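This report refers to the structure that appears directly beneath it.
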Amino acid sequence: MPALRPNFPLWRIVLRRIKRPALLLAAMLAVPGAAVSIPAAAAEGTAPLAVEAFAYPGAAKILAEQNLTVKTGDGNIRLADCASESGLVRIVRQVASPFEVCFKVTGPSGYLALETSNVINIKGDSHAIKATLSSEGVTSSVDIKKNDWTPVGQADNSTGNKPAVLLELVAGDGPAAAAPTTEFPAVGSLSVGAPGRAGSRGCTGTLIDPLWVLTTASCFTDDPSTFTPGVPAAGSTFTLGGRSNPIIEAYSLGTGRDAVIAQLTVPVYAIAPAKTATAAVAAGTTVKVAGAGRTATTWWSGVRTTDQSVGTVSASTVDLSSAAGAAPLCAGDNGAPLFNAAGEITALVSRAWQGGCLETPASETRTGASATRVEGIASAITTAKAGNGRTLQTGTKLTSGASIIGLDLKLTMQTDGNLVLTHKQVDGGVLWSTGTSGNNGAWAYMQPDGNLVVYKSGDPTDANALWSTKTWGNNGAFLRLQSDGNLALNKADGSSVLWSAGTIRLDAKLNSNTKIKSGQWIQSQTAVVEMQQDGNLVRYRRTDATPTWTTNTPGNKGAWAHVQTDGNFVLYKSDGNPATGTGILWGSNTWGNDGAFLKLQDNGSLVLYKKDAAETAANSIWSTGTFRPESKLAAGQQVYTTTTRLAMQWDGNLVLYRLSDNTTLWASGTYGNNNAYLKIQNDGNAIVYSSDGTRSLWATGTFWSAGAYLKLQDDGNLVVYKADGGEGIGNSIWSTNTHA
């Protein structure tokens, strides 16, 4: 067969070789998933969850008629008749007819997963569109020109004119959607995960507070009893009034029912929140249900209202059936509120048989549904908001002793008048503060003008102001503890940050030339390392907030740490300069290891590894159990490994304990010398000195090996190693000969 010209219709060649075209059509129709199956729960007598899975409706029919595989999407990129209108996204293919298929983007953004081969040209619309294509096993992303053609695949000279399969269309940068007119404006659509992506789920939610949405736990998981509070899947949003608002976290209400609240990123003030009822809905009445689910003919197309008749009302659920002539409840109506005559929420839809809904098999004629009762849960909502709120809204006060709790950090208006930010598991380590202690009863106020102010106890007057962000002139601004740990003051629409504390959580692995600025921190499963506001770099155990290692550098506000390109890990004063070597407070003394990286391991070990090396003991060049020359262990301080604890006790005794049973493995025998301390000298000697530093109380006697260092090992041994040669047995010059 001759080579194809870019515009040669491949379908003609294909059909020449097919004796019975009817068989081809039959094969195209007989594809997996052509019919929608009811989940197993339905076969067992329980209606399926009314959750939208974002599978593209009518996929089998589209494959048969358009020679096009559509998989999943968010409902905003839909197949369209190419001859129906202009302004469509057009795709030209060298396949059996039709050569061209078209899509309409119906929102400001959209997503569609599909598969169609031999694509040679794509015309964009007014949106910014990216197309994901696969060619010879290599996947790439192509920006499609707005309102113009972009050659791809065999028509793209820049990629060698290789055949291409179109896999995804992602649209953005479109005009904002007009606010829909609905009977219940506080009801919107909620997606767990980015709509249309793997594992995403679509439901309905209701605004009950400018920052909070009421929905079901079964919106997030198939089994509500397994719902885990916290950050939902990436891309989770609540869309209300034509605007999508990212969801920060979701929390259980502690009622044992299928109901949760989700916190929004940006407060919604333009729409009045709905209220929950105090009395249960009565059997035999008719309620209005507002849901964002499918209808008989449409898919994920906005909120609509349907009348439902109330059947049996049990202790926790309500049985529903469609009122005469009313539409059924469908996929996506999970979480839809039942409104009583007063417009209050009495229950939330959980399950529905979905008879008569788009893509439900004709054999399913049941239209019943069940809902979770939520009347009387106002106090549970208040409790959940108070315990999990991460935002101080405009016009809101943070009174003396009150806190805002984020994902990892906690902002507290201390009773001494200081507004303090700490890790919520480590109250003692201050990452940031206003420095306003000594003003008992002071309080913080997120003023309507956008300024965050700490006031003395009393009225909010200029004379009583102790500290502020100086961000006035930004009406409606709000304060939020972000997921990354940063305390940020945002514009009213959430579009930008006006002020922040800079308390950002860094990755547990810090590559060469990475800085840990004042207030920044890293954490693993068992430990958190904080560059505290006072200049001390401290590792804490997360279970009990015990400090397990420190650089002993408090009193240096604004100090920062640097994983240098030469392999040295150094702590500098606020005005320190690595180029000149000035302002050094502490260092690992590991220069000469260019490209080394720092890693906080899950077991709590903070380790410096060789460049690009595996994270093994053999590749370690420093850890928090390593005491280089000039290092100190002050009275009352202790260092931990996974098996032992080395304590410089207040009584002057240096003691090595086994963690499992607190057995003493070794001691210096220098008790009776209060406030003594350990120092590793440049000459290689490790000495316990008297509190005034004038008397040597104990020493390793290794003064003859300049640069030697002390290492507390995971095996329970405390060892002095020569400066060079590694940590093998032959390089050890002193040890406690202990094993944990």
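Just a few scattered comments:
- Listed by chain and number, the lysines whose alpha-carbon sits under 27 Å from that of K410, ignoring those within fewer than 8 places in the same chain, are K385, K397, K424, K456, K470, K491, K509, K515, K517, K557, K573, K599.
- Near the amide H of L409, within less than 5 Å, lie the amide hydrogens of K424, all on another chain or at least 5 residues away, with H placed in the peptide plane.
- Gap separating the Cα centres of the range 193-251 and the range 527-551, nearest whole Å: 34
- Among G293, L656, T580 the positive-end extreme of the charge dipole of the chain (Cβ point charges): G293
- Per-peptide packing, taken as the mean over residues of other Cβ atoms within 10 Å, places 186-196, 56-66 in the sequence 186-196, 56-66 from highest down.
- Cα shape, the range 269-315, gyration tensor, a/c 1.5 rule: oblate
- Prolate/oblate/rounded call for the range 324-435, Cα gyration tensor, a/c under 1.5 rounded: prolate
- Seen from T700, the other residues with C-beta closer than 14 Å to its C-beta sum to a net charge of +2, counting Lys and Arg as +1 and Asp and Glu as -1.
- For A233, the shell of other residues with beta-carbons less than 13 Å away shows a net charge of +1, using +1 for Lys and Arg and -1 for Asp and Glu.
- Distant-in-sequence amide contacts of W666, defined by a placed amide H-H separation under 5 Å and a gap of 5 or more residues or a different chain, comprise L656.
- Positive end of the dipole of the range 389-500 (Cβ unit charges, origin at the Cα centre): among P460, S496, N439, the Cα lying farthest that way belongs to S496.
- Environment charge of L571, counting only residues whose C-beta is closer than 14 Å and scoring Lys/Arg +1, Asp/Glu -1: +3
- In whole percents, the pair-distance distribution calculated for the chain from its alpha-carbon pairs, binned every 20 Å from zero, is 14, 34, 33, 17, 2, 0.
- Prolate/oblate/rounded label for the range 471-617 (Cα gyration tensor, a/c 1.5): prolate
- Think of the chain as having a plus end and a minus end, set by charges on the Cβ of Lys, Arg, Asp and Glu; of P48, Q393, N536, P48 sits farthest toward the positive end of this dipole.
- Peptide packing: for 246-255, 282-291, the average count of neighbouring Cβ atoms within 10 Å per residue gives the ranking 246-255, 282-291, highest mean first.
- Fraction of alpha-carbon pairs over 23 Å apart in the range 625-739 - percent: 22
- When you restrict to C-alpha pairs under 8 Å that are six or more residues apart and normalise by the size of the chain, the relative contact order lands at 6 percent.
- Rounded to the nearest 20, the Cβ-based charge dipole of the range 59-172 about its Cα centre (Lys and Arg +1, Asp and Glu -1) stands at 40 debye.
- Summary value for the range 64-171: 27 percent relative contact order, contacts being C-alpha pairs under 8 angstrom separated by 6+ residues.
- Calculated over the range 178-388: convex hull of Cα atoms, volume per residue (Å³): 118
- Inter-centroid distance (Cα atoms) of the range 483-518 relative to the range 562-603, Å: 21
- Value of [θ]222 nm, deg cm²/dmol, for the chain, DSSP H segments ≥ 4, -39500 (n - 2.57) each, nearest 500: -1500 deg cm²/dmol
- Two-site FRET efficiency, N682 against S496, from Cβ-Cβ distance with R₀ of 60 Å, rounded to 0.05: 0.75
- The chain - charge dipole about Cα centre, Lys and Arg +1 at Cβ, Asp and Glu -1, debye rounded to 20: 1120
- Gained length - S696 relative to Y671, 0.36 nm times residue gap less alpha-carbon distance: 7.7 nm
- Remark: relative contact order (the range 445-498) = 29 percent; criterion is Cα-Cα distance under 8 angstrom and separation of 6 or more residues.
Quick note: the coordinates plus some simple rules give every number you see, no bench work behind them. None of these values were measured; they are calculated from a predicted model. Positions of Cβ are generated from backbone atoms using ideal geometry, with glycine treated the same way; all protein chains shown enter the neighbour counts.
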